[in-house]
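Remarks on the structure that follows.
Only the coordinates and a few stated rules stand behind these numbers; no lab work does. Because the structure is a prediction, the values reported are computed rather than measured. Every residue, glycine among them, receives a Cβ derived from its backbone with ideal geometry; neighbour counts consider all protein chains shown.
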Amino acid sequence: MSVSSPEIANSMRSRAIAVIRSLPKVRGRGRLAKILNDGFLAAGASPIVTAKMVDGHSLVVDCRLFSHCMFLFNGVTGIEDLLSLLISFLKPNGVALDIGANIGAVTVPLALAARSKGSRVIAFEPFSKNIAWNSQNLKLNHIEDVVTMVESGLSSEPGEATLMLGDDFRSGATIGNAIVAQPGDNDYFERVTIRLNTLDDLWPSFGNPRLDVIKIDIEGHESKFLEGATQTLAANRPVILMEVNRYWYTRRGLNFDTEIPLRLPPNYRYFTSHKTEINDLADCHQSDVLLVPEEKANQLRN
């Protein structure tokens with residue numbers, strides 16, 4: 001029986017993934033993975049594939065997207081160290097928030113940890129197609145019962161906003177990262193209307209549970225989220241894992257390193273991977289940072 005080109009391409013890609021994962025973590029490994037992946041896609045390999053992650057869970061990904069290609073070939077998201085530190089602050093009967101949940105790259109490991117601890121996850125994602133994909137990944141890992149999905153963005157005030165579908169969507173994919181449009185943004189990208197809420201408005205509807213940890217990845221909208229979560233954050237003082245995305249702040253004439261501390265409750269400390277404490281956000285040269293209230297920081301200092 002003859003083997004079709006897609007079958008050959010899929011098989012060769014699987015072998016290439018094994019080879020890439022066996023290589024040392026040296027510069028250029030990601031570029032090699034992308035070149036190989038583009039070649040396999042051109043040869044007919046399916047863009048939709050299940051990636052087996054190093055930590056043991058699985059994610060359905062669309063490897064036309066660079067970040068998904070990296071998940072597939074490397075088996076990691078790149079924030080495992082910081083996510084592990086974040087999860088260490090999640091306690092029984094507590095809640096973890098995933099804000100900007102996308103397709104579930106963090107929702108899934110967060111939910112697996114929550115299940116083991118007797119906790120739960122509330123995931124916010126404003127784009128319906130990302131939500132559907134996230135739900136698929138939760139079901140794949142048998143943890144959908146641990147997570148409450150909310151189709152909304154979180155901001156400084158409720159209402160509607162325009163979501164700008166970024167470069168991910170120009171690859172042919174129907175999922176990916178998106179940005180809340182700002183005045184002056186060009187019309188190059190497709191746009192959709194989304195719903196926004198504030199965490200302070202919504203929190204009572206969840207029963208005012210204890211909020212232990214938050215992961216935030218919302219492409220420059222972090223300060224707006226913090227503005228709308230003042231009361232909830234002050235009452236719970238959660239540990240926060242936040243993407244450091246200075247680009248979108250600079251475009252708006254703002255400084256990420258000063259805007260974020262202004263909107264946090266008092267006495268938060270900053271940690272990078274490997275429990276490295278820094279005195280100022282400007283000293284963070286990684287893509288993510290852990291924001292920890294002073295009374296909980298000794299857990300990382302010990």
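Quick notes
- Model label zone, Thr174; criterion: amide N under 12 Å from point 7 Å along Cα-to-beta-carbon; scope the range 101-136: 128-133
- Applying a threshold of 22 Å to the alpha-carbon distances of Lys129/Lys215; Lys215/Lys296; Lys91/Lys215; Lys139/Lys275 flags Lys139/Lys275 as lying beyond it.
- Expressed to the nearest 5 percent, the antiparallel share of DSSP beta bridges inside the range 145-247 is 60 percent.
- Counting 0.36 nm for each residue step from Thr193 to Val76 and taking away their Cα separation leaves a gain of 38.9 nm.
- Between 0 and 90°, nearest 10: helix 5-22 axis offset from the chain longest Cα axis: 50
- Cα convex hull volume per residue for the chain (Å³): 144
- For the range 80-301: relative contact order, % (alpha-carbon pairs under 8 angstrom, 6 or more apart): 19
- Placing one equal scatterer on every Cα of the range 5-74 and applying the Debye formula, the log10 ratio I(q)/I(0) at q = 0.13 Å⁻¹ is -0.31.
- Cα gyration tensor, the range 24-175 - rounded (a/c under 1.5), prolate or oblate: oblate
- Distance cut-off 23 Å, percentage of C-alpha pairs in the range 140-250 lying past it: 36
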